[in-house]
Amino acid sequence: MNRKTLVLPALAGLLAPALAACGNGDGAGSGGSPIVVGVASQIEATKAAPAPLDPAQAYDTDAWNVLRSTFQTLMRLPRTGTAVAPEAAESCGFRDTQNEQYRCTLRSGLKFSNGHDLTAQDVKFSIDRMRTINYTNGPVSLLDDIDRVETPSNREVVFHLTKPDATFPQKLATPAAAIVDSQVYPKNSLYKGWETVGSGPYTVKTEHSGDRLTKAVFTKNPEYKGGLPVKNDSVEMRFFDDSADMEAALRKGDIDLLTRGLTPDQVKSLQNSQDKHLVVQEMPGQEIRYIAFDTKDPAVSNKAVRQAIAQVVNRSQLMRDVYSYTGDPLYSLVPTGLSGHINSFYTKYGSTPDVAAAKQTLQQANITTPVKFTLTYSKYHYGPNTAKEFAALQKQLNSTKLFDVSIKGVDRWQQFRTDASSGKYTAYGMGWFADIPDADNYIAPFVGKGNFLNSPYRNEKIESQLIPGTRQQTDRNAAGAGFRQAQDILADDVPFLPLWQSKQYVAARDNITGIEWALNSSSALQLWELGRGVSS
């Protein structure tokens, strides 16, 4: 097998990429057949979540990958790194020393895919609409710090913030700030169905079976005016229910590339394949997995119970036995590789399970054992090994005799999310892809009123002192002290238990170029970077 493994820096774009496939790409994909990308996951419409491709609702990595390719935002993340660049904007910047007023000037001649002009009023409409709809499981919390939006002219937008937020430019680079057509999208309700009207690098045509998306065909948008170099004419994204079917499609050449959803065994199999026309790329990842607790549920409301769980969970065993080292143990909600990360859970609880310490923790809090509760997880959203992971967690906890844990898998992702945010689960498994590559985004969305999990957990110091303090720091390294304090508090309270941090894998046919840029530092799929070169 022609395997080339490139370990990219997670945040700092310091490494010039090596050749990713045999022969130099010439922007291929132009004029030829679409580059076909496989994804082993589901985007679905439900009664509770009827608009999976509306920026006001969409808040998962698969839907965001569609939105990033079809909608523009004022700013965008670069190939790698954290410094945002203008996208629909010609220029943006803070206009005060307190980071409370942010002003942007739009590029001239912007148009939506339907031919309508894109103006500053559409930007204001999009932000106001997001906040008006205020969809419970949507990304609206990313815009919480906005007080009001003004449009001095058709090309000028001014954001007035309620408090300083040095991360605001990065938030404007997320699909939470996607610009929608004010003549198409309803002001007070979701845009149901599978159509999109944006101004991004591609237009998209979708196919669906019932309430699930099966295919999305992206075609280069001739009206696109932005900062992204689009290196192909079209990309077809196919959604697979089963990762084995997706792998088989890659091996047969029915698809050209896949990026996520593989089991660890499949990763190893592809890495060890003798097929010289397959390329596997390994990169650091910023996706995390964790257990969330309903801190008001009687079974786990006493933090001693949650601390005892932290004392006996064996992350290294999960990585070895369930994930074959395709991830790394994680001891903080903030992943390694980000400025401000510390191993708070390691410092407080160690890496080796300590049943005696857990027993003492429970006894000192007068907790009757075994503590009985259910661990709930999504069967398919985070990959086929999730069931095995939670069976292993159940075994770890119950083997101590301190816990009596049952596990339950939920078929439908949207149902899982709705029930979790409604407080129906005592403890449940979740994953998190960063909205922005900053430690703030691994802490702020999880705490306080309006947090994306609808968790009842509150901590006044984190909410009122530490997060506001770090957001005043334009130098993100200087914000590290506040983030470290927040991580220590979370390790003590354990409203969430970090488990592991992913590695990223891209597998492709060897004539596909640009795979080293297929995923950026926030694990976002960058379809515009892909091209078709010459096979070995």
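The values are calculated or read from the model by the stated rules, or taken from the named source; none is laboratory data. Values in this document were obtained by computation on a predicted structure and should not be read as measured data. Cβ atoms come from the backbone with ideal geometry, glycine included; neighbour counts cover every protein chain shown. Only protein heavy atoms, including side chains, enter the accessible area calculation; ligands, DNA and RNA are left aside. Shrake-Rupley method; radii C 1.70, N 1.55, O 1.52, S 1.80 Å.
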Practice problem: Take the residues in the range 184-224 that are part of a loop (DSSP other than H, G, I, E, B) and β-branched (Val, Ile, Thr), then tell me which one is nearest to PRO52 (Cα to Cα). | Solution: THR196
Quiz item: Looking at THR174, THR162, THR167, THR196, which is the one that is over 23 Å from the mean Cα position of the chain (by Cα) and under 23 Å from ASP435 (Cα atoms)?
Solution: THR162
Quiz prompt | Residue list for the range 66-92, filter: open to solvent by less than 10 Å² (accessible area, probe 1.4 Å), out of contact with any helix residue (DSSP H, G or I) (no Cβ under 7 Å at 6 or more places or on another chain) and not acidic (Asp, Glu) | solution = VAL66, THR70, GLN72, GLY81, ALA88, ALA89
Quiz item: Within the range 404-439, how many residues are polar (S, T, N, Q), open to solvent by 20 Å² or more (accessible area, probe 1.4 Å) and under 22 Å from the mean Cα position of the chain (by Cα)?
Solution: 4
Quiz item: Which residue out of ALA304, ALA308 is surrounded by fewer than 21 Cβ atoms within 10 Å (Cβ to Cβ), modelled with pLDDT of 95 or more and in contact with a Leu (Cβ under 7 Å, 6 or more places away or on another chain)?
Solution: ALA304
Quiz item: Which of (1) part of a strand (DSSP E or B); (2) touching a residue at least 12 places away in the same chain (Cβ under 8 Å); (3) under 26 Å from ALA507 (Cβ atoms); (4) open to solvent by 30 Å² or more (accessible area, probe 1.4 Å) does ASP254 not meet, given it meets every other one?
Solution: (1)
Practice problem: Inspect the range 276-290 for any residue being touching a Phe, Trp or Tyr at 6+ places or on another chain (Cβ under 7 Å), among the charged types (D, E, K, R), open to solvent by 30 Å² or more (accessible area, probe 1.4 Å) and assigned to a strand (DSSP E or B) and give the result as yes or no. | Solution: yes
Quiz item: For the range 212-231, does any single residue satisfy the condition of being open to solvent by 10 Å² or more (accessible area, probe 1.4 Å), more than 30 Å from ASP321 (Cα to Cα), of a type in the set (Asp, Glu) and modelled with pLDDT of 95 or more?
Solution: no
Exercise. Scan the range 440-455 and give yes if some residue there is assigned to a helix (DSSP H, G or I), among the acidic types (Asp, Glu) and open to solvent by less than 10 Å² (accessible area, probe 1.4 Å), otherwise no.
Key: yes
Quiz item: So which residues in the range 404-431 are at negative phi, touching a residue at least 12 places away in the same chain (Cβ under 8 Å) and assigned to a loop (DSSP other than H, G, I, E, B), if there are any at all?
Solution: ASP411, ARG412, SER422, TYR425, THR426
Quiz item: Going through the range 516-532 one residue at a time, which ones are modelled with pLDDT of 95 or more and aliphatic (A, V, I, L, M)?
Solution: LEU527, LEU530
Quiz prompt | the range 522-536 residues that are farther than 26 Å from GLY337 by Cα, paired with ones that are aromatic (Phe, Trp, Tyr) and open to solvent by 20 Å² or more (accessible area, probe 1.4 Å) (beta carbon under 7 Å, 6 or more apart) | solution = none
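Conditions tested, residue by residue: (1) closer than 30 Å to GLY429 by Cα; (2) open to solvent by 30 Å² or more (accessible area, probe 1.4 Å); (3) at pLDDT below 95; (4) in a strand (DSSP E or B).
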site	(1), (2), (3), (4)
LEU466	yes, no, no, no
GLN473	no, yes, yes, no
ARG476	yes, yes, yes, no
PHE483	yes, no, no, no
ALA486	yes, no, no, no
ASP492	yes, yes, no, no
PRO498	yes, no, no, yes
SER502	yes, no, yes, yes
Practice problem: Enumerate the pairs (first residue in the range 164-179 and in contact (Cβ under 8 Å) with a residue 60 or more places away in the chain; second residue anywhere and in a helix (DSSP H, G or I) and of a type in the set (Asp, Glu)) with beta-carbon separation below 9 Å, excluding pairs fewer than 6 apart on the same chain, so at least 6 apart or on different chains. | Solution: ASP165/ASP440; ALA166/ASP440; THR167/ASP440; GLN170/ASP440; ILE179/ASP122
Quiz item: If you scan the range 346-403, which residues turn out to be open to solvent by less than 60 Å² (accessible area, probe 1.4 Å), over 20 Å from THR426 (Cβ atoms) and assigned to a helix (DSSP H, G or I)?
Solution: TYR349, ALA357
Quiz item: Would the range 257-265 turn up any residue that is open to solvent by 40 Å² or more (accessible area, probe 1.4 Å) and of a type outside the set (D, E, K, R)?
Solution: no
Quiz prompt | Tally, over the range 329-345, of residues that are open to solvent by 40 Å² or more (accessible area, probe 1.4 Å), among the β-branched types (Val, Ile, Thr) and under 17 Å from ALA310 (Cα atoms) | solution = 1
Quiz item: Quick check: is even one residue across the range 429-448 hydroxyl-bearing (Ser, Thr, Tyr) and closer than 21 Å to ASN343 by Cβ?
Solution: yes
Exercise. Tally the residues that are among the small types (Gly, Ala, Ser) and either touching a strand residue (DSSP E or B) at 6+ places or on another chain (Cβ under 8 Å) or under 21 Å from ASP435 (Cβ atoms) (or both), restricting the search to the range 177-193.
Key: 2
